[in-house]
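What follows is one structure encoded as structure tokens, with my remarks underneath.
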Amino acid sequence: MERKHNPSLTENAKNLRKNMTREERHLWYDFLRGHSVRFLRQKVIDNYIADFYCHRARLVIEIDGSQHFENSGFLKDKIRTQRIEARNLTVIRIPNNEVNYNFDGVCEYIDLMVKEQLKR
């Protein structure tokens, strides 16, 4: 049976939870931690560590810094998204600047995505 995640990434995921980016901390502490459905931080999925994951909604949230918009980052993200979505999960990507300058809109978008996913 194929493993759902790479156990060698578990320690790295723990470190990332302790050292979240400013935008990840803001989204976690000011919204996701208290959401009506449970989210996990820095969840190992396959050979990747997702920023946030909701099992019930089958939703992965990635918070993207500027490196994700360079050609090499964009290609890596595309492959990563395809591999995660092959597990019947939905991946949404939110740029850091949206978290910083449109936080309410980001929260509304995530809430809408959760509701849509729960209907499936």
Original post:
Which of the residues that make up the stretch 33-47 are of a type outside the set (D, E, K, R) and either under 12 Å from ARG17 (Cβ atoms) or surrounded by 18 or more Cβ atoms within 10 Å (Cβ to Cβ) (or both)?
Top reply: PHE39, LEU40, GLN42, VAL44, ILE45
Subject >> Selected residue [in contact (Cβ under 8 Å) with a residue 60 or more places away in the chain and over 24 Å from GLU11 (Cβ atoms)] from ILE92, ILE110 >> reply: ILE110
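Residues of the stretch 72-107 being among the hydroxyl-bearing types (Ser, Thr, Tyr) and either in contact with a helix residue (DSSP H, G or I) (Cβ under 7 Å, 6 or more places away or on another chain) or on the phi > 0 side of the Ramachandran plot (or both), which ones?
Taking the stretch 72-107 as the starting set, the residues that turn out to be among the hydroxyl-bearing types (Ser, Thr, Tyr) are 72, 81, 90, 101.
Within the stretch 72-107, just THR90 meets the criteria.
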**OP:** Take ASP51 and decide whether it is touching a residue at least 40 places away in the same chain (Cβ under 8 Å) and under 27 Å from GLU11 (Cβ atoms).
**Re:** no
Original post:
Can you spot a residue in the stretch 58-68 that is at pLDDT below 90, exposed (fewer than 14 other Cβ atoms within 10 Å of the Cβ) and among the small types (Gly, Ala, Ser)?
Top reply: yes
Subject >> First in the stretch 63-81 and assigned to a strand (DSSP E or B), second anywhere and among the β-branched types (Val, Ile, Thr) and modelled with pLDDT of 70 or more, Cβ under 6 Å, 6 or more apart >> reply: ILE63/ILE94
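The values are calculated or read from the model by the stated rules, or taken from the named source; none is laboratory data. Keep in mind it's a predicted model, so treat the numbers as computed, not measured. As a convention, Cβ positions derive from the backbone with ideal geometry for all residues, glycine included, and neighbour counts pool all protein chains shown.
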